[in-house]
Amino acid sequence: MSASIRKIAIFVVLGLVIGLPSAIAQTTLKLATVAPDGTTWMREMRSAAEMVETATEGRVRIKFYPGGVMGNAPTVLRKMRIGQLHGGAFTSGELAGLYPDFFVYGIPFLFHGRDEVRFVRAELDDRLREGLKARGLTMLGIAGGGFAYLMSDSEITSGEDLINAKVWVPEGDEVSALSLELAGVSPIPLPLSDVYTGLQTGLIDTVVNTPAGAIAFQWHTKVDYLTDVPVAYVVGVLAVDNKAIDRLSESDRRMLIDIMSSALERLEEINEADNIEAKAVLSKEGITAVEPAADEMEFWHELAGKTVTELEQSGRLEFELLDDIQELLRTYRARAAVEQHQ
């Protein structure tokens, strides 16, 4: 090879190498969710993904796998560990195995209303974000999904009614399973994708979901009653493996988190409105809302205390923030009681 040809070859190689950084800087984050395509969640997520791509000039792209096509939460977390996926959308219960404190919001019958949730989350959301980061996941955003309610094919207004029901519990959700067991119920664990079939076949006859969630998954077509007592507060979290997000530049990482976090804040507002509307839709569809008597209400609220005590004593899940959330609730309820009597 002549000297002139060698020089040309070197320049060509250098040109290719110089052109590589822009290609390397492009990252596609693969995120899984059980939310069906076409739902409010997916519309907001796709809109936010477009904003991320625009803001980063194409350096960061997001590809969603909706409808549970990547499997349930444990499967998604496993695929994240091996790099097949980079992240996903999870409920607080689905992250409890990785980070137990994330389930504190979802302890059954812990909250008595939306104002209590707002008060507690203002204090704890950032601490949960830090705790999840320390366990390998970066929270892109968190959105309250609203309160979940018991929905069933027969009336449930007492503990005895609940004991006689075939109650679904999310697969791997130890806290909800424990709470039901303490109530004398033998829960039936199923992945989310099998719940509709379970209702169809009679394997289960009672589910817990938000009104909007029940409609999105079409569960409302298989039940006749809604027990009008908030069972648990549902939280949705969009999280990405630290290794994936750490590959981004600091500015791209910040834009990604800011845009997706804002999208989930919008979703929380939408969820609140959707659940109000969905409750009205359920009524129009012939689903009857029933309320336990005052003495039975005590049963539901005592169940939260029993669940917390059993969790602490058994060591099944070790919460670091449990004392904090209980103290915050005591503070809020004491203030509310004073204001009520003024």
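Annotations for the structure displayed:
- Remark on the range 181-279: ratio of C-alpha radius of gyration to 2.2 N^0.38 Å is 1.44.
- Of the DSSP H helices in the chain, those whose Cα atoms cover at least 15 Å axially and whose Kyte score averages -0.5 or more: 3-18, 40-55, 250-284
- Cα-only Debye scattering, the range 235-337: base-10 log of I(q)/I(0) at q = 0.09, 0.13, 0.16, 0.18 Å⁻¹: -0.50, -0.96, -1.14, -1.14
- Close amide H contacts of Ala232 (hydrogens built in the peptide plane, cut-off under 5 Å, sequence separation of 5 or more or a different chain): Phe109, Ala148.
- Measuring between alpha carbons in the structure, the pairs from Lys63/Lys133; Lys30/Lys279; Lys63/Lys222; Lys133/Lys279 lying more than 24 angstrom apart are Lys30/Lys279; Lys63/Lys222; Lys133/Lys279.
- In this structure Arg78 has an accessible area near 110 Å², from a 1.4 Å probe over the protein heavy atoms.
- Ranking Thr331, Thr206 by solvent-accessible area of protein heavy atoms (1.4 Å probe, all protein chains present), from largest to smallest, gives Thr331, Thr206.
- When DSSP beta bridges are restricted to pairs lying wholly in the chain, around 60% turn out antiparallel.
- Within straight-line cross-link reach of Lys166, aspartates and glutamates at Cα separation under 15 Å, skipping those fewer than 8 residues along the same chain: Asp153, Glu155, Glu181, Asp194, Asp205, Asp224
- Computed over the chain, the P(r) curve from all C-alpha pair distances, binned at 20 Å from the origin, holds 28, 53, 14, 4, 1 percent per bin.
- Across the range 35-181, Cα pairs under 8 Å and at least six residues apart give a relative contact order of 15 percent.
- Value of Rg to Rh for the range 62-182 (Rh from inverse mean 1/r over Cα pairs, i.e. Kirkwood): 0.99
- Our Cα-only numbers for the range 111-180 put the radius of gyration and Dmax at 16.3, 44 Å.
- Measuring only protein heavy atoms, the 1.4 Å probe finds Ile163 accessible over about 80 Å².
- Note on Lys79: aspartates and glutamates with a C-alpha under 14 Å away, same-chain residues under 8 apart excluded, are Asp241.
- Three semi-axes describe the equivalent ellipsoid of the range 119-243; taken as square roots of 5 times the Cα gyration tensor eigenvalues and ordered largest first, they are 29, 16, 14 Å.
- Length-normalised contact order for the chain - Cα pairs under 8 Å, 6+ apart - percent: 24
- Within a Gaussian network of the chain (alpha carbon springs, distance under 10 Å), most fluctuating of Ala280, Ala212, Ala122: Ala122
- Taking only protein heavy atoms and a 1.4 Å probe, the accessible area of the range 129-280 is 50% carbon and sulfur.
- Largest-first principal axis extents of the Cα set of the range 143-205 (Å): 31, 27, 20
- Highest mobility in the GNM of the chain, judged by mean-square fluctuation with C-alpha springs under 10 Å and restricted to Gly88, Gly131, Gly286, is found for Gly286.
The values are calculated or read from the model by the stated rules, or taken from the named source; none is laboratory data. Owing to the predicted nature of the structure, the values given are computational and were not obtained by experimental measurement. In case anyone asks, the SASA skips ligands and DNA or RNA and just uses the protein heavy atoms, side chains included. Shrake-Rupley method; radii C 1.70, N 1.55, O 1.52, S 1.80 Å.
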